[in-house]
Amino acid sequence: MNKKVLLTMAGLLLAGIVIGVMAGGRFNLGRHSKSGASTAIDSHDETGEGGIEHEDVVKLSEQEMEEFGIEVGTAGPGKLQVHTSLPGEIRVNKDKSAHIVPRVPGIVQEVKKKLGDSVSKGELLAVIESRDLADVKSAYLTGLERLTSARANFTREEKLWKKKISSEQEYINAKQALAEAQIGLRSAEQKLHALGFTEEYLKELPGLPDDSFIRHDIVAPFDGTIVSKHITVGEVIGDESEIFIISDLSTVWVDLSVYQKDLPYIQKGQTAVIAARHGIPEIEGTISYIGQIVGEDTRTALARIIIPNAQEQYRPGIFVTANVTVDEIDVPLLVPKSSLQLVEGKTCVFIRDEDGFEPHPVELGRTNEIYAEVVSGLSVGQRYVTKGAFTLKAQLSKGSFGDGHSH
């Protein structure tokens, strides 16, 4: 082989080496090991502690952390709440509900309110005409007149008897008539009071026109919402007809079904987080009542929570789930489940150190819906990602963030 051929082969070999080095450098820009030495993307490091390959570190500035919603906390002890999940339903607070009945039969003349209307105490709901009511009012006025007459007659007979002008029997008869008139008037008063008329109204009654005697105003007993209506203009209603139901919806009941297996753990005073979903915010409440009877059909007992409902977003009839706190356990190290991510088949948290954020495998102990106990892999006092860990995992898989910053 001559000298010219050897020189040509050497030149080709050198060019290949240069191209390879350049290509290797170009492909290596996306990944860095924790030590800072460059490694090719398709190469494999030795498996590190915990079985996680590639000791990858994500480096972020404070501005980037804020941009991606990443928050860091200090690992430490906490209280792990043990929950029992119970199904339930929101119901009207029957302690703040009223079934409105007219108390006297009559014909409906006006209906002022409709279903769903908000009403104030004393506000007019409907007007009925009642002959029975007119009779009661007339009986009261008659009683007033009888009492006035009987009192005047008794006063006169008492004076005559004392002067020996009239007999004792006439005096006794006048006294008895007065007592009967007083009883009759008292009876008429009680009937009107039972129909909702006040003492002030009774004082005004003698001066009212006769055509007002048949009018009966149905008014709201308290502030609330009309949740049921069974009344129309022109219909004849009885004195026991339920024409409205008014409920104060500023508070509602959450009735929970407690299964037999859960009864030993559910107690009055326990707190619960009530979730209704569908855009309705969760709310915390306290169990105020536990039923003593287990239903024959459902085999469940009733537990009740009263919750505020000022915005009326917790509508009666909505199904809910309540996570009742039945116990609290002190654990040495507690983390939110949102901080846990599966990296290369291992449950990890992202620990922050001077180099950045690095996934560390952890072993979990007891958990609930929100928190988990860490028994190894994370130490008290270490800084770790409490929020945004999924973003770090996703970007770790991609190899870089959207702005071009490398790990």
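A few remarks follow.
- Under 5 Å, built H, 5+ apart or other chain: amide partners of T386: E71, V72, G73
- Sparse-neighbourhood loop sites, GluC sites (Glu not before Pro) in segment 149-244 - DSSP loop, at most 11 other Cβ within 10 angstrom: E240
- Whole-Hz Karplus values for segment 189-197 come out as 4, 4, 5, 5, 4, 5, 8, x, 7 Hz, taken residue by residue from phi with 6.51 cos²θ - 1.76 cosθ + 1.60 and θ = phi - 60°; glycine and proline positions read x.
- For K94, a cut-off of 18 angstrom between C-alpha atoms picks up these lysines, skipping any fewer than 8 places away in its own chain: K121, K229.
- Inter-label distance, nm, simple model (7 Å from Cα along the C-beta direction), E123/Q313: 2.4
- Straight-distance candidates among the aspartates and glutamates for linking to K162, with alpha-carbon spacing under 20 Å and chain neighbours fewer than 8 residues away dropped: E170.
- Ellipsoid semi-axes for segment 98-247, based on the Cα gyration tensor and the rule √(5λ), read 44, 13, 12 Å when sorted largest first.
- Pairs over the 20 Å Cα-Cα cut-off, from the set K59/K387; K337/K398; K137/K191: K337/K398.
- Shown for S138, S120: other C-beta atoms within 10 Å of each C-beta, ranked fewest to most, produce the order S120, S138.
- Local electrostatic count, T232, Cβ distance below 12 Å [Lys/Arg +1, Asp/Glu -1]: 0
- Three-way shape label, segment 246-345, alpha-carbon gyration tensor, a/c 1.5: oblate
- Across segment 98-247, Cα pairs under 8 Å and at least six residues apart give a relative contact order of 50 percent.
We did not get these values from a lab; they are worked out from the coordinates using the rules stated. Quantities reported herein were computed from a predicted structural model and do not represent experimental measurements. Glycine also receives a Cβ, built like all others from the backbone with ideal geometry; neighbour counts cover every protein chain displayed.
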